[in-house]
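Just so you know, all these numbers are worked out from the coordinates, no wet-lab data involved. Source: prediction; values computed, not measured. Virtual Cβ from ideal backbone geometry, glycine too; neighbours counted across all protein chains shown.
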Amino acid sequence: MRRVRALGRAARREWGPLWTAVRTALAADRLRAVPMTLAAVLLTALLQVVQNRSWGFGAVQTLGSVRAEDPLWVALLRTPLSLFVPALDLPVWGALAQLLLVFGIAEICLGRWRTLMIAYVATLAGTLYARIGVAIGPDGFLGLPASDAQVVDTGPSAAVVALAVYLCHVHRAWFTGALVIVAMVAEVAVKDNLAGKEHLAAIAAALLLCAVSSHRDRRRLRRGQGLGLGVGAGTRSGAPPIKS
């Protein structure tokens with residue numbers, strides 16, 4: 001019984017603030033709390049339908065398909081939409097579930113614009129890594145074979161991984177965040193492919209954003225103390241930053 005109670009307390013410490021934020025927002029606004037997430041899910045479902053039609057496949061590939069062999073300016077233009085183009089070799093329900101769950105939580109806890117920014121930075125990090133990895137070659141650290149330059153690189157998975165890590169940082173869910181990172185490292189160890197290594201690039205981008213956010217918060221705290229506002233100014237001690 002003591003172990004069960006200890007596990008319950010640990011779970012509340014780990015996920016309690018996140019669960020409270022999500023439950024409160026959904027109870028107050030229901031689906032109105034996640035309009036961007038719903039739009040992302042609908043867009044992804046629409047692109048899945050279109051790209052599986054003979055008349056739509058070419059258009060989706062032209063607008064949202066990214067390969068490392070593409071000119072950089074083309075890849076940069078296609079990267080935002082590529083986030084919502086489901087991978088052809090994976091079931092679409094997986095992408096939709098990832099978007100609904102992780103994007104929904106992120107939109108509630110971080111705000112829609114910060115969620116989109118983190119998602120885009122993570123996806124862009126994966127896109128740029130693919131080019132660097134191919135240039136390094138298969139014999140270098142985290143390098144890629146030349147054939148990976150022709151792999152179609154789409155889907156929300158890199159953005160989802162980065163958002164999960166960032167959410168864990170904001171809400172101090174350290175164990176869950178570490179578990180996500182370990183799982184992605186294990187993925188690369190078991191199946192050494194482009195997608196797995198892009199997930200690591202997305203995690204690196206998310207950790208960089210976490211470091212920037214922490215540095216900014218420390219500067220605000222020092223500035224507040226310098227003005228005599230004290231630790232409690234603006235937010236509860238230990239509470240996640242207020243979403244923008």
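Using a cut-off of 11 Å between beta-carbons, work out the net charge of the residues near Asp70 (Lys and Arg +1, Asp and Glu -1, Asp70 not included). Let's see the in-between values first.
Details: positive: Arg67, Arg78, Arg131; negative: Glu69, Asp153.
Computed value for this residue: +1.
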field: Coil-residue trypsin sites (Lys or Arg not before Pro) of segment 165-204, DSSP, other Cβ within 10 Å capped at 11
entry: Lys191
Environment charge at Arg12 (Cβ cut-off 14 Å; Lys +1, Arg +1, Asp -1, Glu -1): +4
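Want the number for Leu63 to Arg30: 0.36 nm per residue separation, take away the alpha-carbon distance, what's left? Working shown, then result.
Numbers: separation 33, 0.36 × 33 = 11.88 nm, distance 3.29 nm.
Extra length available between Leu63 and Arg30 comes to 8.6 nm.
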field: Filtered trypsin sites (Lys or Arg not before Pro), segment 49-93: DSSP coil and at most 15 other beta carbons within 10 Å
entry: Arg53
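Based solely on its DSSP helices, what 222 nm [θ] is calculated for the chain when runs of n ≥ 4 H residues each add -39,500 (n - 2.57) and the sum is averaged over all residues, nearest 500 deg cm²/dmol? Before the final figure, lay out the partial values.
Working: 10 runs with 167 residues, N = 244.
Calculated mean residue ellipticity at 222 nm is -23000 deg cm²/dmol.
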- line: Counting Lys and Arg as +1 and Asp and Glu as -1 over every other residue whose Cβ sits under 15 Å from the Cβ of Phe175, the net charge comes to +3
- prompt: Rg and Dmax of the chain over Cα atoms: what are they, in angstrom?
  reply: 19.8, 66
- request: Mind giving me the nanometre distance, one decimal, between the label points for Trp19 and Val49, set 7 Å out from Cα along Cα→Cβ?
  value: 3.7 nm
- prompt: Relative contact order for the chain: what is it in percent, counting Cα pairs under 8 Å that are at least 6 residues apart?
  reply: 21 percent
